[in-house]
Amino acid sequence: ASAPWSASTLNGKSVAGMRATLLVDANLRGTGFGGCNTFSATAYPLRQQGFAVGPFALTKKACPKPVMDSERVFLTALRTAAKWDLVGAQLVIQTQNGELRFERSL
């Protein structure tokens, strides 16, 4: 099994405190933690490093508003993923509005 990726930055700002993660398994199922809720979605690698994420199935846990707001921004960025690349030890996902960077989790 692959180790999950931990979100480190979103549009250049640190999101490491959210503890958000992403793991894409061999069946192209993406699962992770958004900071409050766990999620799953189908993740489609496309030609030429393209990437698409299907609709999320999300737990319905309630957290403080700032946490929920951060989670919504993270999940929206992930949902609008367009391209991905490995840059050094980071997974970089280009979104409609910027980029989401992940570090390999241990």
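Is there any pair with a first residue in the stretch 78-106 that is at negative phi and a second that is among the aromatic types (Phe, Trp, Tyr) and open to solvent by 60 Å² or more (accessible area, probe 1.4 Å) whose Cβ atoms are under 6 Å apart and which are 6 or more apart or on different chains, and what are they?
Ile93/Trp84
Could you please find all residues in the stretch 1-31 being on the phi > 0 side of the Ramachandran plot, touching a strand residue (DSSP E or B) at 6+ places or on another chain (Cβ under 7 Å) and either part of a helix (DSSP H, G or I) or at pLDDT 90 or above (or both)?
Scanning the stretch 1-31 gives Asn11, Arg19.
When the residues of the stretch 27-81 are filtered to those that are over 12 Å from the mean Cα position of the chain (by Cα) and among the aliphatic types (A, V, I, L, M), which remaining residue is nearest to Ala16 (Cα to Cα)?
Val67
Quick check on my filter: what residues within the stretch 17-40 are hydrophobic (A, V, I, L, M, F, W, C) and touching a residue at least 60 places away in the same chain (Cβ under 8 Å)?
Across the stretch 17-40, the qualifying residue is only Leu22.
Across the stretch 1-14, what is the total count of residues that are without any contact (Cβ under 8 Å) to a residue 60 or more places away in the chain and not small (Gly, Ala, Ser)?
The qualifying residues number 1.
Sort out which residues of the stretch 48-79 are part of a loop (DSSP other than H, G, I, E, B), open to solvent by less than 50 Å² (accessible area, probe 1.4 Å) and at pLDDT 90 or above, and write them in order of number. It would help to see each step written out before you state the result.
Within the stretch 48-79, the subset part of a loop (DSSP other than H, G, I, E, B) is 48-49, 54-56, 59-64.
Still in the running and open to solvent by less than 50 Å² (accessible area, probe 1.4 Å): 54, 63.
Within the stretch 48-79, just Cys63 meets the criteria.
The values are calculated or read from the model by the stated rules, or taken from the named source; none is laboratory data. All values reported here derive from a predicted model rather than from experimental measurement. Don't worry about glycine lacking a Cβ; one is built from the backbone with ideal geometry, like all the others, and counts go over all protein chains shown. What goes into the accessible areas is simple: the full protein's heavy atoms, side chains included, and nothing from ligands, DNA or RNA. Shrake-Rupley method; radii C 1.70, N 1.55, O 1.52, S 1.80 Å.
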